[in-house]
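Visitor: Quick one: structure below, then a few questions.
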Amino acid sequence: MNGDAGTDGDVGTDGGAGTSGGAGTNGGAGTNGARPGPAPTVVKLGGSCLETLAEAWWDDLARHAREHPVVLVHGWSRPLKALRPRYRDGSAILRDRYGNQSRWTTPEVLADIRTVSARLGEEILRRLERRGLAAERILGSDGLVTAGEGERWWWKDRELVELDNLVGPITGVDPSLLKNLAPGRSCLVTPLARDGAGREVNTDGDRAAAAVAGALGAGGLVLVTDVAHLLVDGEPVPRITARAAAEFRDRKATGGMRKKLRAAGEALDAGVGRVVIGSAPVTELLAGSTGTAITRN
């Protein structure tokens, strides 16, 4: 089984059978990979591990960010659960008719996500600025990330019912809104999106990071979580092909790791140079000395 303890919970549909819109779609202005200079790195910070990252981890990130443009995409699962006890209840998570999970997102939930994301954003930007990096925060729903129509049929009290769940699959990213990216100048993205009707919607943070990485032509996508490796049958896996990862995802992976493996495949399909999952410092993960690398072949 997959050992992703404490799933990230950055909700939105998993995107399996019956859902629309791959996270790797570049729907924005600008061309994929056209940015001059060093290729950007996109780092997804899992909501379950943000509070536990050591100062040395941030020091390592800063060293990397001085030489490469870095986009951070943050989760919010643990802070959201801490904000209101009901978010820890199983009823806060819905499952659609295809088995995909999503947080039940109402306007009130979106407001709470904005609240905890603003606090997280302030803390992350302070950590970067203390290390001499310029940084800005961007809401995905402010034109960066677009989403398609979400699933409307969900299981509730053992019945399949129609619900207006404010989630949607990612359909595009406008990289022109990240034009200030440069070595020493980073961006922090809150992974909300705007759908075709103009509504702000929740979406999956891992797949948002994959979509941003694809739109930027990133050299690497690092999915930072609270486990050191992908575990297959209880054993750590240092390297796995995208095809084998997809087969494992569909057979045995659960929760947050299922979404991370889907995001990894979408990033590689969109042309991202490498994808790594793990809990170590970013430079160690990119160097392949720890974590799990997902490769094209």
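The values are calculated or read from the model by the stated rules, or taken from the named source; none is laboratory data. Given the structure is predicted, the values throughout are model-derived calculations rather than measurements. With ideal geometry, Cβ positions are generated from the backbone for all residues, glycine too; neighbour counts draw on all protein chains shown. What goes into the accessible areas is simple: the full protein's heavy atoms, side chains included, and nothing from ligands, DNA or RNA. Shrake-Rupley method; radii C 1.70, N 1.55, O 1.52, S 1.80 Å.
Visitor: Over the chain, give the accessible area per residue in Å² for a 1.4 Å probe, as an integer. Walk me through the intermediate numbers first.
Guide: On the way: 11920 Å² over 297 residues.
The answer is 40 Å² per residue.
Visitor: Rounded to the nearest 0.05, what FRET efficiency do residue 39 and residue 159 have when you use their Cβ-Cβ distance and R0 = 35 Å? Walk me through the numbers on the way to the answer.
Guide: Working: r = 49 Å, r/R0 = 1.39.
Using R0 = 35 Å, I get an efficiency of 0.10.
Visitor: Here's another thing I want to ask about it. If r is the Cβ-Cβ distance from residue 66 to residue 115 and R0 is 35 Å, what FRET efficiency results, to the nearest 0.05? Kindly include the intermediate steps, with their values, before the conclusion.
Guide: Values: r = 32 Å, r/R0 = 0.90.
Plugging the Cβ-Cβ distance into 1/(1 + (r/R0)^6) gives 0.65.
Visitor: Please sort 103-115, 212-224, 233-245, 273-285 by packing, taking for each peptide the average over its residues of neighbouring beta carbons within 10 angstrom, highest first. Write out the running numbers ahead of the final one.
Guide: Values: 103-115: 16.9, 212-224: 28.2, 233-245: 14.8, 273-285: 22.2.
Going from most to least packed, we get 212-224, 273-285, 103-115, 233-245.
Visitor: Quick one: compute a quarter of the convex hull surface over the Cα atoms of segment 158-297 and quote it in nm². Before the final figure, lay out the partial values.
Guide: Values: hull surface 41.7 nm².
Spelled out: convex hull of the Cα atoms, projected over all directions, averaged, 10.4 nm².
Visitor: Can I ask one more? Over the chain, what is the relative contact order in percent, taking alpha-carbon pairs closer than 8 angstrom and at least six residues apart? Show your work: numbers first, answer last.
Guide: Numbers: 735 pairs, mean separation 86.3, N = 297.
This gives 29 percent for the chain.
Visitor: Also, quick follow-up: Shape call for segment 211-290 from the C-alpha gyration tensor, a ≥ b ≥ c root eigenvalues: rounded (a/c under 1.5), prolate (a/b greater than b/c) or oblate?
Guide: Oblate.
Visitor: While we're here: Would the chain count as rounded, prolate or oblate if I go by the C-alpha gyration tensor, calling it rounded below 1.5 in a/c and otherwise prolate when a/b exceeds b/c, oblate otherwise? Spell out each step's value before the answer.
Guide: Working: a/c = 1.39, a/b = 1.24, b/c = 1.13.
In terms of gyration-tensor shape, rounded.
Visitor: Expressed as a whole percentage, what fraction of the accessible surface of the chain belongs to carbon and sulfur atoms when a 1.4 Å probe is rolled over the protein heavy atoms?
Guide: On the chain, the fraction of accessible area on carbon and sulfur atoms equals 50 percent.
Visitor: More than 20 Å apart: what percent of Cα pairs in segment 97-162 qualify?
Guide: Values: 1106 of 2145 pairs.
Summing the P(r) tail past 20 Å for segment 97-162 gives 52 percent.
Visitor: Using label points projected 7 Å from each Cα along Cα→Cβ, tell me how many nm separate residue 136 and residue 89, to one decimal.
Guide: 4.1
Visitor: When the C-alpha atoms of segment 36-105 are aligned to their principal axes, what extent does each axis show, in angstrom, from largest down?
Guide: The Cα atoms of segment 36-105 stretch 45, 29, 15 Å along the principal axes, largest first.
Visitor: Check cross-link reach from residue 179 to the aspartates and glutamates: straight Cα distance under 14 Å, and skip same-chain residues fewer than eight apart.
Guide: Leaving aside aspartates and glutamates fewer than 8 places away in the same chain, those within reach of residue 179 are 136.
Visitor: Something else about it: Scaled to the compact-protein estimate 2.2 N^0.38 Å, what is the alpha-carbon radius of gyration of segment 85-227, rounded to two decimal places? Write down the numbers at each step before the final one.
Guide: Numbers: Rg = 16.5 Å, N = 143, 2.2 N^0.38 = 14.5 Å.
In units of the globular-protein estimate, segment 85-227 measures up at 1.14.
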